[in-house]
1. Sorted by mean Cβ packing within 10 Å, highest first, what order do the peptides 76-83, 223-230, 181-188 take?
2. Pairs of alpha-carbon atoms within less than 8 angstrom and 6+ residues apart define the contacts here; what relative contact order does region 110-188 have, in percent?
3. Provide the FRET efficiency to the nearest 0.05 for the Arg120-Asn97 pair, computing r from the beta carbons and using R0 = 30 Å.
4. Using modelled backbone amide H atoms (1.01 Å from N, in-plane), which distant-in-sequence or interchain residues come within less than 5 Å of Leu145's amide H?
5. Explain nothing, just the number: relative contact order of region 156-248, from Cα pairs under 8 Å at least 6 residues apart, as a whole percent.
6. Between region 135-183 and region 76-121, how far is it from one alpha carbon centroid to the other, in angstrom?
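Every number in this text was worked out from the coordinates using simple rules, so none of it is lab data. This is a predicted model, so every value here is computed, not measured. Cβ: placed from backbone, ideal geometry, glycine included. Neighbour counts: every protein chain shown.
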Amino acid sequence: MLGNQFVVFSAVGDGVTRATRSPLAEEAGVKATATTAIGSNHLFITRGTPLAPRRLRVVPSPRLGCRTVGSVELSSERLVLRPASAEDLDFYFELRNRPEVLARPGVEPRPRSEIERQLRGWIDRWQEYGFGSWTVFERESDERLGRVELDPMGPGWDGISAGEIEVGVVVHPAHWNRGIATEATQIVAADSFTRVGLGRLLALTTRDNEASLRTLEKLGMRHRGETRYEDDDTTYELFELAAPSRQS
């Protein structure tokens, strides 16, 4: 593997839809992972260049009620990721209406009822498909830090088939510049290519979104050209991360 791609090694064991039309990340990011094998419940993630191995655990979570995924929970040394739940509503409402988020062009405040409806959709997606939006927690404090989302894309995108999975991440502004976006999305991508069995992940951003572009570069995403939505004049940069067996 080359550059900043991540390699997932087996540590133990044997070896979707709502239409979307805009980039998921308001603070940006996406995941890149190369997966060689997966154990029954433990993974190691290392980076191709110097970085101490981080332990990623996939374990049952007794506090979650997601029947489809066996109450899955992902964690590294400093992060824990759990499927989005009704308990996250206050956090997501506050995050969506933060001044730093609303400062982005075209982003308007949203009422609590709309965020609650969106959250119910995320929960329903988990029940139906076994993947969706992950809430990111700090391991030590259990404080919520952000969200990583796997979002099935609807029809209307130029050159993209309906049902392709877009990945994005939003980190609370209080925790920007800590590498949360990169680490959390790498964990989700590892799970996507192993437990979920996805063949690739896509990411959309715009040329002026420097934070998103930096994260994509760190994650080893490949630029695949440009795309537009059928009734949107905005041009988006399209990036792809393929599962290891599909990488050329």
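1. For the peptides 76-83, 223-230, 181-188, the packing ranking is 181-188, 76-83, 223-230.
2. 19 percent.
3. 0.95
4. Amide H neighbours of Leu145: Val136, Phe137, Glu138.
5. Here the relative contact order equals 32 percent.
6. 11 Å
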